[in-house]
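Below is one structure; the comments refer to it alone.
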Amino acid sequence: MRIVVLAGGIGGARFLRGLKLAAPDADITVIGNTGDDIHLFGLKVCPDLDTVMYTLGGGINEEQGWGRAEETFHVKEELAAYGVGPEWFGLGDRDFATHIVRTQMLNAGFPLSAVTEALCDRWQPGVRLIPMSDDRVETHVAVTLPDSDSDSDGGSGSGERKAIHFQEYWVRLRASVPAEAIVPVGAEQAKPAPGVLEAVAAADVILFPPSNPVVSIGTILAVPGIREAIADAGVPVVGLSPIVGDAPVRGMADKVLAAVGVEATAAAVAEHYGSGLLDGWLVDTVDADAVERVEAAGIRCRAVPLMMTDAEATARMAQEALALAEEVRGA
Ligand code: FO1
């Protein structure tokens, strides 16, 4: 069975670990979000691609869900000693090697998709990981910085409205101020990376894991051609809600959902994707009362446990998603 999964960071990566357990013989292609990418110290950092690669390759810092296990931060400390920032983004020594290899290959003219394939040669994630695009797309967030904030560019906050990089919003500000707009800069001009549309066209089932529906899956869908390819694929498209009990399971998805006018509920996220895209939607058992509303939107819905407490629980979720896909296919 050929499965295509649109994945962001931690939630997507953890779901994939369960999917591999649930469907060990499946041919899994992951379309990874690159809107979180950031250029730091002359290096290109791809947080969501690396989180998938490290998580499935066995190198992830498990409790953080990002970055490498057994990390040290000597390079970061030395950069700080030179007064070279930003200090708010925790790049470890082992992680730096990934960004150095990636940047070296990009500078040699290799596209990001080829670079990602090369990095995965080492990590053997057991899936094919393709960036959504080889073109640069960077999510920026429009915010009004509070008076007290002066870190972002040395200027005073003084209530000015400005666009900051997603990572600064997410990591430095911890999404503590409202996101007034979310803009995947460059998305309109971006093309799907080689292999993306082919994988979607060849898929037997397409899954939306519990990744952030706005800045992860939403960004992938913003690359022209990808949403249309999925909608026209003619195979079941099944998603799993990242919102459980009106709150994101992890991260701060509710903050960015508000920016696009979507309430932080399992049903609202399904409606946000729409029945033109989604055929099936899994909500957690605590949101069983949402099933009726989702089905009224033309999307088949089931309430099952959605907490990825361990690999076995996640595998059961993946099995439920695949079962719902077969139910949709047979409908
Ligand atoms: N997240 C944090 O909350 N704090 C960090 O210092 C941080 C550093 C970091 C370094 C490399 C990397 O690949 C990811 C990192 N993340 C950090 C996570 C990252 O912000 C998120 O995983 C994604 O961008 C959101 O999906």
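The values are calculated or read from the model by the stated rules, or taken from the named source; none is laboratory data. Quantities reported herein were computed from a predicted structural model and do not represent experimental measurements. Using ideal geometry, Cβ is built from the backbone for each residue, glycine included, and neighbour counts are taken over all protein chains shown. Please note that ligands, DNA and RNA were not included when accessible areas were found on the heavy atoms of the full protein model with its side chains. Shrake-Rupley method; radii C 1.70, N 1.55, O 1.52, S 1.80 Å.
For the stretch 180-331, the relative contact order works out to 21 percent when only alpha carbon pairs closer than 8 Å and six or more residues apart are counted. Amide H contacts under 5 Å for residue 5: 29, 30, 31, 207, restricted to partners 5 or more places along the chain or on a different chain, H placed in the peptide plane at 1.01 Å from N. What the phi angles of the stretch 187-203 give under the Karplus curve with 6.51, -1.76 and 1.60, with θ = phi - 60°, is a coupling list of 4, 4, 8, 7, 10, x, 5, x, x, 5, 5, 5, 5, 5, 5, 8, 5 Hz, glycine and proline written as x. Contact order for the stretch 105-239, expressed relative to its length and based on alpha carbon pairs under 8 Å spaced 6+ residues apart, stands at 24 percent.
Relative to the longest principal axis of the Cα atoms of the chain, the long axis of helix 47-57 makes an angle of roughly 60 degrees. Would you list, by chain and number, the lysines whose Cα falls below 17 Å from the Cα of residue 44, excluding same-chain residues fewer than 8 positions away? Result set, ordered by chain and number: 76.
Relative contact order of the chain: 19 percent, from C-alpha pairs under 8 Å at least 6 residues apart in sequence. Note on the chain: GNM, Cα springs under 10 Å; of 166, 96, 15, the largest mean-square fluctuation is that of 96.
Mind grabbing the accessible area of residue 74 for me, 1.4 Å probe, Å², rounded to tens? Its accessible surface works out to 110 Å², give or take rounding. In the stretch 168-231, a dipole from Cβ-located charges (positive for Lys and Arg, negative for Asp and Glu) runs towards its positive end, and of 212, 229, 192 it is 212 whose Cα lies farthest in that direction.
With a simple spin-label model that places each label point 7 Å from the Cα along the Cα-to-Cβ direction, the separation between residue 174 and residue 162 comes to 2.2 nm. The DSSP beta bridges internal to the chain are antiparallel in roughly 45% of cases.
The DSSP beta bridges internal to the stretch 201-307 are antiparallel in roughly 15% of cases.
With the simple spin-label model, which puts each label point 7 Å out from Cα in the Cβ direction, the residue 75 to residue 258 separation comes to 3.6 nm. Across the options 123, 148, 35, the greatest Cα extent toward the positive end of the charge dipole of the chain (unit charges at beta carbon of Lys, Arg, Asp, Glu) belongs to 123. Accessible area of residue 76 (1.4 Å probe, protein heavy atoms only, ligands and nucleic acids ignored): about 50 Å². Using just its DSSP H runs of length 4 or more, each adding -39500 (n - 2.57), the chain gives a mean residue ellipticity at 222 nm of -10500 deg cm²/dmol after division by all residues. Each Lys and Arg contributes +1 and each Asp and Glu -1, all at the Cβ; summed about the Cα centre of the chain, the dipole is approximately 440 debye. Helix 112-123 and the long axis of the chain differ in direction by around 80°, with both axes built from C-alpha atoms.
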